Amino acid sequence: MALDDIIAHRLHKRKQLQDLGDNPYPVFVKRTHTATEVRDNFERLEKEGTPVTLVGRLMSLREHGGLTFGDLKDGTGSFQLAFREDSMGKEGYREIEKFLDLGDFISADGMLFTTKRGEKSVDVSSFDIIAKAMRPLPEKWHGLKNVEERYRKRYLDLLMSEEVKNIFVTRSTIIKATREFLDAHGFVEVETSILQPIPGGASARPFKTHLDALDMDLYLRVAPELDLKKLLVGGFEKVYEIGRNFRNEGIDLSHNPEFTSLEFYWAYTDYKELMKFSEQLFQHIFEAVGKYPKFEHEGKEIDLTTPWPRIEFTELLHKYAGIAYEDVNRDGLAKEAQKHGIHVEAHLNKGQIADLIYKKLCRPNVVEPTFVIHQPTELAPLAKSLPENPEYDARFQLIINGWEMVNAFSEMNDPVLQRELFMAQEEQLRCGDEEAQRLDESFLDALEHGMPPAAGFAFGVDRLTALLTNAHALREV
């Protein structure tokens, strides 16, 4: 039957119900137990003769003469319904064929019993339609063959695939475990602005919008960093935010224009202390989702046992790209990049070119959790440089199976140096770097009032979820 005919047929059933005085979309719904509660307490409820009322979506119907079995699915699981003419009466039983369709939400009243095949079931005495479905459920869900449709209609993806639903449950567990850990360590959760007059806090191309009320252009935030650090100026010592960021960039397996991140800022600490803290935080998360001390991602077993190794950024460049970073200038590095098919734009500086090489040739080789430390200063204009070697930052990235999970560093709190770094970024912007950070006078004003020494930390919730659920791309999570 064509889709239009199916919809028309269901609309007719809807009208029939209304003509009989039945509302197929009632305001009030009765429910005594969930599917899981019935299953967990089945023997007691059956023995006591307790009547139950289940509600949920009808996922299947199987007719056997005067007996029809159905599977009812609610948010906790599924349970079998048995519609019997003996229990419902002839007219009541006829209503199954007359009004019911797969996908309908129903309430079913009855007593519990066990079938001859040993299946726990509800012997339905009556049912009511509580939300009539106009469109049919997918007969088959073809996974990656229909990947774009799955992403467009995620509600169907969740409904038809328990595996997909488990991804979202895991994501929720990750966020809950993160909050538990940070709250237990004295951090305060905050919310900062998503609409910003100047995009800042990360090197990224922003989305632009317009506020009609004030006739001004605004940007969707690329990161909450600057606003969070203003809270350090305001007297908070430990703050964090879990929220959405927006970057007007490409889409690939590990990037999406809209994503969720955790960022926290901790006064009177440094990047080395954050590495130790990171190990504790991630172990807490891994244990919460049952993935510690080992799990598998895309066929690779990942050993999460701490402590995790620390390795210099330049050491990785030498190991996997054969480049001695300090012995080569910007143009020489560009030539090395081009040998490996890496496009180098004219405005890129030496550190940015090194980062492109690192991302293509080095990072994919880092499988076990590893802290990559001391990146070139040109890459992070909000970070402090190393006092013993100012060409590199007091910074680390946590890499797991070739994906950057964390970016963290000791925060720049010298307002004079920060202004100089912003000015260098403005020059990058004029030279064509659309991801350069902007000079933000509001943030500089805050810094000039004094910000304590601090370290900051950011990780992508989507990436971590994809890693721990063995998902192939961020859009899956």
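Computed values, structure above
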| quantity | calculated |
| --- | --- |
| Which labelled figure in (i) 25.1; (ii) 30.0; (iii) 19.3 is mean projected area of the Cα convex hull in nm², once derived from the coordinates | (ii) |
| Y271, Y292, reordered so the largest accessible area comes first (probe 1.4 Å) | Y292, Y271 |
| Accessible-area composition of the chain, carbon plus sulfur, in percent [1.4 Å probe] | 50 |
| 3J(HN,Hα) from dihedral phi, region 213-220, Karplus parametrisation 6.51/-1.76/1.60, rounded to Hz, x for glycine, proline | 4, 10, 6, 9, 7, 9, 10, 6 |
| List K73, K291, K335, ordered by accessible area with a 1.4 Å probe, largest first | K335, K291, K73 |
| Label-to-label distance, nm, for residues given as S125 and N329 (7 Å Cα→Cβ offset) | 9.2 |
| Vicinal HN-Hα couplings computed from phi for region 368-384 (Karplus, 6.51 cos²θ - 1.76 cosθ + 1.60; Hz; Gly/Pro x) | 5, x, 9, 8, 8, 10, 6, 6, x, 5, 5, 8, 9, x, 9, 9, 7 |
| Rg to Rh quotient for region 346-475, alpha carbon positions, Kirkwood Rh | 1.00 |
| Peptides 124-133, 245-254, 81-90 ordered by average Cβ neighbours within 10 Å, highest first | 124-133, 81-90, 245-254 |
| Highest to lowest packing among 36-47, 210-221, scored as the average C-beta count within 10 Å | 36-47, 210-221 |
| Pairwise label distance in nanometres, T114 with E301, each label 7 Å out on the Cα-Cβ vector | 4.0 |
| Distance between region 1-77 and region 81-157 - C-alpha centres, whole angstrom | 5 |
| Centroid-to-centroid separation of region 303-334 and region 246-302 [C-alpha atoms, Å] | 21 |
| For region 13-106, accessible area per residue (1.4 Å probe, heavy atoms of protein chains only), Å² | 56 |
| Region 273-428, accessible area per residue, ligands and nucleic acids excluded (1.4 Å, Å²) | 44 |
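The values are calculated or read from the model by the stated rules, or taken from the named source; none is laboratory data. Bear in mind that the values here come from a model prediction, so they are computed numbers and not experimental data. Note: ideal-geometry Cβ built from the backbone for every residue, glycine included; neighbour counts use all protein chains shown. Calculation scope for accessible area: heavy atoms of the full protein, side chains included, ligands and nucleic acids excluded. Shrake-Rupley method; radii C 1.70, N 1.55, O 1.52, S 1.80 Å.
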